[in-house]
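The values are calculated or read from the model by the stated rules, or taken from the named source; none is laboratory data. The structure presented is a predicted model; accordingly, all values stated were derived computationally and were not measured. We place every Cβ from the backbone using ideal geometry, glycine too, and count neighbours over all the protein chains shown.
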Amino acid sequence: MESPAIAINVDLQNPGQFFACCGLLEFADRLWNGAEAWFTSSEFFIRSLDQDASSEVDLHSLINAIASAPLCQLESDDDTSSPIKVQDPFNLLLDWWNEGSARRGLKVWAGRMDGFRIACAMQNVMRREEAQNSNLLNYATIVYDPVESSDKVEPFYFDARRGTGALPIDIGFSPDPLKMKSLAYPAVEFLCLAGLQRFRPQPTDLPRVFDYFAWSVPLVTTIASAAACGILAQPGDWGFRFENSFRTDQRKHKGFSIATPLARRNHERSSQEV
């Protein structure tokens, strides 16, 4: 007997949300001894493949496990780019930003931005009860350092609502020196960081411009990663193009932009058909 599917709300034109869903699938697959997932135009569905799974196979338990997993900075002298280990029960190594020009082109943080500190802060917020539901990708809050509780932590800028919505290059000044407080989407930021380890968009001929594809039939993690970059073309897939845009005039820090839809690959398949 198949496990019931869990649904979360998603905006497919937000690349941060799309790859956050991919990260959620990665974590679920490791926690549940196998998982599969698919998209509709506004929701992401995920379910366990373990027929002997306990009643703990639910969204709240999954998010709580992700939020509670210890993180380890593997290179103590490199606060910006050190690989990160998401420890038990996942044992997931995150180091995609150090491998290859295409992956480095997806990195949004640089300079004094502490990658490990940001990851810890975003993950910590996911422990909140109000962040553990089907609308977790839309949960917005000001994020503070879990150790220094008075220090505000800015996100990676994977979420396109932050990536191009409040940039110094657009608004004419930098909010940081003025200590302005702005909202982040912690689940998107942390889950996207994890999702990009296995799932990656397809580079285009344009610098820092990528395509990704949402699949509409249930796929396991290894096959879904091929579908996400367009290698596995499926009827009903949605395609999108986005830019990892510079958000400061120093051209160091970047942010994911809202994606532009590509031509649809056929008809949409409804969630009732799977």
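Considering only the range 178-217, state which residues are part of a loop (DSSP other than H, G, I, E, B) and surrounded by fewer than 19 Cβ atoms within 10 Å (Cβ to Cβ). Scanning the range 178-217 gives LEU178, LYS179, MET180, LYS181, SER182, LEU183, THR204, ASP205, LEU206, PRO207, ARG208, VAL217. Could you say whether any residue in the range 72-85 is farther than 21 Å from PHE116 by Cα, outside any loop (DSSP other than H, G, I, E, B) and either touching a residue at least 60 places away in the same chain (Cβ under 8 Å) or out of contact with any Asp or Glu (no Cβ under 8 Å at 6 or more places or on another chain) (or both)? No: the range 72-85 contains no residue that is farther than 21 Å from PHE116 by Cα, outside any loop (DSSP other than H, G, I, E, B) and either touching a residue at least 60 places away in the same chain (Cβ under 8 Å) or out of contact with any Asp or Glu (no Cβ under 8 Å at 6 or more places or on another chain) (or both).
Scan the range 11-56 for residues that are surrounded by fewer than 24 Cβ atoms within 10 Å (Cβ to Cβ) and assigned to a loop (DSSP other than H, G, I, E, B) and the total you get is 17.
Please determine whether any residue of the range 233-250 is in a helix (DSSP H, G or I), under 15 Å from GLY16 (Cα atoms), modelled with pLDDT of 95 or more and of a type outside the set (Val, Ile, Thr).
Within the range 233-250, not a single residue is in a helix (DSSP H, G or I), under 15 Å from GLY16 (Cα atoms), modelled with pLDDT of 95 or more and of a type outside the set (Val, Ile, Thr).
Just one of the listed residues (ALA67, ALA121, ALA110) is among the hydrophobic types (A, V, I, L, M, F, W, C), outside any strand (DSSP E or B) and closer than 25 Å to PHE210 by Cα, and it is ALA110. Among the residues in the range 160-177, are any at pLDDT 95 or above and touching a strand residue (DSSP E or B) at 6+ places or on another chain (Cβ under 7 Å)? Within the range 160-177, one or more residues are at pLDDT 95 or above and touching a strand residue (DSSP E or B) at 6+ places or on another chain (Cβ under 7 Å).
Restrict the check to the range 227-248 and report whether at least one residue is closer than 20 Å to ARG103 by Cβ, surrounded by fewer than 19 Cβ atoms within 10 Å (Cβ to Cβ), without any contact (Cβ under 8 Å) to a residue 60 or more places away in the chain and of a type in the set (Gly, Ala, Ser). Looking for residues that are closer than 20 Å to ARG103 by Cβ, surrounded by fewer than 19 Cβ atoms within 10 Å (Cβ to Cβ), without any contact (Cβ under 8 Å) to a residue 60 or more places away in the chain and of a type in the set (Gly, Ala, Ser), one finds at least one in the range 227-248, hence yes.
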